[in-house]
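Visitor: Just passing along the structure, written as structure tokens.
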Amino acid sequence: MLRVLMTTLAAVALFGTVPAQTSKVTVPFFGNEACPYSGKPVKKNLFVEEDGQRVYVCCKKCLKMAKADPKAALAKAYPADRVKDVGNATCPIMGGKVKPGKSVVVQGHRIGLCCPGCAKKVKKNARRTLARLTMKGVTELGNKKCLVEKDDDVDPAIFVVYKKKIVGLCCEDCIEEFSKNPEKYMPKKMLSKGKGSGKGSRD
């Protein structure tokens, strides 16, 4: 018993706390960290959407400017010379091999495609697609109804990642509620079946 206690205290001394053996709920963020107008940190509840992509800003004044010209805001938030290559080997839509020169840029990330026709489908669910491609082993849970408000349809733009599953929810409030006790809401059968596409791998 003393040896276990000493080991625990040593771990605390080295790392500050002993990590809990539980999975965390993650809310992925693939947007611009700095406001394209002020350069200040953005507020994630302040944004405009343009061509399936979100531009985040720091305040209501900047939000007004972004709404006045969303295309210009998009270009400022995600400069062409700072685009990151996702590096996926397979198309996230069709699952086929990515072809040279076929790609789409969403929120500063270049995603490889098998054909030009897949670009619109990527932009329709840009953030979910980025989650699948950039978070190792993550796939869709596939739920159509919110796991918290069970009668409400999922909003495609609102989701969290839990135990390597993209969990769809209906609103921001449900993100907070789900995060308090995810095991309470996770459907065990769907989790064990591992629903969701494995398309769009990086390998």
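Visitor: What number of residues within region 119-137 satisfy the criterion of being part of a helix (DSSP H, G or I) and either closer than 15 Å to VAL161 by Cα or small (Gly, Ala, Ser) (or both)?
Guide: Here the count works out to 10.
Visitor: Can we say VAL57 is over 11 Å from ASN32 (Cα atoms) and of a type outside the set (D, E, K, R)?
Guide: Taking the combined requirement at face value, the residue does not satisfy it.
Visitor: Need pairs with beta-carbon distance below 7 Å; first residue acidic (Asp, Glu) and within region 147-164, second at pLDDT 95 or above and not in a loop (DSSP other than H, G, I, E, B); sequence gap 6+ or separate chains.
Guide: Between residues of region 147-164 that are acidic (Asp, Glu) and residues that are at pLDDT 95 or above and not in a loop (DSSP other than H, G, I, E, B), the close pairs are GLU149/CYS174; ASP152/LYS145; ASP153/LYS145.
Visitor: Taking only region 163-172 into account, find how many residues are surrounded by 22 or more Cβ atoms within 10 Å (Cβ to Cβ) and out of contact with any Asp or Glu (no Cβ under 8 Å at 6 or more places or on another chain).
Guide: 1
Visitor: On to the next question. Take the residues of region 91-132 that are polar (S, T, N, Q) and in contact with a strand residue (DSSP E or B) (Cβ under 6 Å, 6 or more places away or on another chain): which is surrounded by the most Cβ atoms within 10 Å (Cβ to Cβ)?
Guide: GLN107
Visitor: For region 153-160, indicate whether the set of residues that are modelled with pLDDT of 95 or more, of a type outside the set (Lys, Arg) and exposed (fewer than 14 other Cβ atoms within 10 Å of the Cβ) is non-empty.
Guide: Yes - at least one qualifying residue is present in region 153-160.
Visitor: May I pose another question? For residues in region 143-152 being crowded, with 17+ Cβ neighbours inside 10 Å and not β-branched (Val, Ile, Thr), which is farthest from PRO187 (Cα to Cα)?
Guide: CYS146
Visitor: Being modelled with pLDDT of 95 or more and either exposed (fewer than 15 other Cβ atoms within 10 Å of the Cβ) or over 19 Å from the mean Cα position of the chain (by Cα) (or both) narrows it down to one of MET6, MET65, so name that one.
Guide: That would be MET65, the only listed residue that is modelled with pLDDT of 95 or more and either exposed (fewer than 15 other Cβ atoms within 10 Å of the Cβ) or over 19 Å from the mean Cα position of the chain (by Cα) (or both).
Visitor: In region 70-106, what residues are part of a loop (DSSP other than H, G, I, E, B), among the aliphatic types (A, V, I, L, M) and closer than 30 Å to GLY39 by Cβ?
Guide: Hits for region 70-106 are VAL83, VAL86.
Visitor: Specify the residue that is nearest to LYS120 (Cα to Cα); the eligible residues are those in region 38-49 that are surrounded by fewer than 19 Cβ atoms within 10 Å (Cβ to Cβ) and in contact (Cβ under 8 Å) with a residue 24 or more places away in the chain.
Guide: Per the stated criteria, the residue is ASN45.
The values are calculated or read from the model by the stated rules, or taken from the named source; none is laboratory data. This one's a predicted model, so the numbers in the text were calculated from it and none came from an experiment. With ideal geometry, Cβ positions are generated from the backbone for all residues, glycine too; neighbour counts draw on all protein chains shown.
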